[in-house]
Amino acid sequence: MTRSLALLVAICSLLGGSLRAQEPATRPPKPGPTPRTADGKVDFSGIWSADRRFIYDINDALKPGEQLPIQPWALKVTLERESKDDPEALCLPTGVPRQAPYPWRILQTRTHIFFLFEGNIHSYRQIFIDGRSHPKDPDPTWYGHSVGRFEGDTLVIETVGFNDKFWFDFAGHPHTEKLRTIERYRRPEFGKLLYEVTIDDPGAYTRPFTLYGDHTYESNTELIEYICNENNQDVEHLVGKDPRNKYSKPSERQQP
């Protein structure tokens, strides 16, 4: 998939079309019970849809009525950032909890869980579920160091060791290397994945806060090759700030 086609797909999105408008719509998954592995744990494997609340503006993933506890300096940075400078637009990883607007796959083994991303640079996350701890002084990376555990039917993933380079969303919300995330995944039925993530970053936010989302199982598709770095022509056409966020309204361009 060339970058010029990716630009066309993005334009279709602005017009209300599908981000995969060139492909047949996926069929709704057949109703069914939660799948389990041989040892009885929930099996999260499968291809899942992206959640737009974690693409455009994380404000949309808050509970109704909640405000993002952003520090003044971080709000100023958010308002000043322009789309052409977004690391994701420059073919760099999205970080956590941001998502690219493409399907992604969970691959689960007894010792590891991998998140394989179609979009951006075909990157992946590695989650250790073998009981290990975080390193004492991890090198800062785009996806951090993740360890997971099962609490009943909930997969809990704790991640530390992030760099401060990625944006949380198109809106441009920043973070610092103090960022720590705790994600919780549940699969209450075959075709539904429920997600929540607690963001704890005392460098950019005044208190921890939690975001909520969900994903639908994509039953008649596969991940396709998409090399963002190849023929990346859309950045020069990105002007100003992406409008799909709360700060596009003048009344919202101030500290909550």
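No lab work stands behind these numbers, since they all come straight from the coordinates. As the structure is a computational prediction, the values presented were derived from the model and not from experiment. Positions of Cβ are backbone-derived with ideal geometry, glycine not excepted, and every protein chain shown enters the neighbour counts.
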> Got at least one residue in the stretch 139-146 being under 18 Å from the mean Cα position of the chain (by Cα), hydroxyl-bearing (Ser, Thr, Tyr), surrounded by fewer than 20 Cβ atoms within 10 Å (Cβ to Cβ) and farther than 21 Å from Thr216 by Cα?
Replying inline: yes
> Quick one: what pairs do we get from the stretch 32-54, first residue touching a residue at least 12 places away in the same chain (Cβ under 8 Å), second in a helix (DSSP H, G or I), C-beta under 7 Å, 6+ apart or different chains?
Replying inline: Arg53/Asp60; Arg53/Ala61; Phe54/Ala61
> Mind checking which pairs have a first residue in the stretch 209-226 that is in contact (Cβ under 8 Å) with a residue 40 or more places away in the chain and a second that is buried (at least 16 other Cβ atoms within 10 Å of the Cβ) and polar (S, T, N, Q), Cβ under 7 Å, 6 or more apart or different chains?
Replying inline: His215/Ser49; Thr216/Ser49; Glu218/Thr26; Glu218/Ser49; Ser219/Thr26; Asn220/Thr26; Thr221/Thr26
>> From the list Asp214, Asp164, exactly one residue is surrounded by fewer than 18 Cβ atoms within 10 Å (Cβ to Cβ) and farther than 16 Å from Ala61 by Cβ. Which is it?
In response: Asp164
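For the stretch 31-68, name all the residues that are over 17 Å from Pro188 (Cβ atoms) and among the hydroxyl-bearing types (Ser, Thr, Tyr). First the steps, then the outcome.
We begin by selecting, within the stretch 31-68, every residue over 17 Å from Pro188 (Cβ atoms); these are 38-39, 47, 50, 52-68.
Answer for the stretch 31-68, where residues must be over 17 Å from Pro188 (Cβ atoms) and among the hydroxyl-bearing types (Ser, Thr, Tyr): just Tyr56.
Look at the stretch 174-205 and say how many of its residues are part of a loop (DSSP other than H, G, I, E, B) and more than 16 Å from Asp51 (Cβ to Cβ).
Step one: filter the stretch 174-205 for residues part of a loop (DSSP other than H, G, I, E, B), giving 174-179, 190-191, 201-204.
Subsequent filtering for residues that are more than 16 Å from Asp51 (Cβ to Cβ) retains 174-179, 190, 201-204.
Count: 11.
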> Can you pull out the residues in the stretch 196-210 that are farther than 16 Å from Val96 by Cα and either within 19 Å of the chain's Cα centre (by Cα) or among the aliphatic types (A, V, I, L, M) (or both)?
Replying inline: none
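Taking into account only those residues within the stretch 131-173 that are assigned to a loop (DSSP other than H, G, I, E, B) and aromatic (Phe, Trp, Tyr), which is nearest to Val42 (Cα to Cα)?
Just the residues of the stretch 131-173 that are assigned to a loop (DSSP other than H, G, I, E, B), to begin with: 131-140, 142-144, 152-153, 161, 163-173.
Filter again for aromatic (Phe, Trp, Tyr), leaving 142-143, 166-168, 170.
Numbers: Trp142: 27, Tyr143: 24, Phe166: 31, Trp167: 31, Phe168: 28, Phe170: 32 Å.
The residue in question is Tyr143.
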> Checking Phe115 against (1) closer than 20 Å to Tyr195 by Cβ; (2) within 15 Å of the chain's Cα centre (by Cα); (3) in contact (Cβ under 8 Å) with a residue 24 or more places away in the chain; (4) surrounded by fewer than 21 Cβ atoms within 10 Å (Cβ to Cβ), which single condition isn't satisfied?
Replying inline: (3)
> Got at least one residue in the stretch 83-95 being out of contact with any Ser or Thr (no Cβ under 9 Å at 6 or more places or on another chain), over 23 Å from Asp200 (Cα atoms), exposed (fewer than 14 other Cβ atoms within 10 Å of the Cβ) and touching a residue at least 40 places away in the same chain (Cβ under 8 Å)?
Replying inline: yes
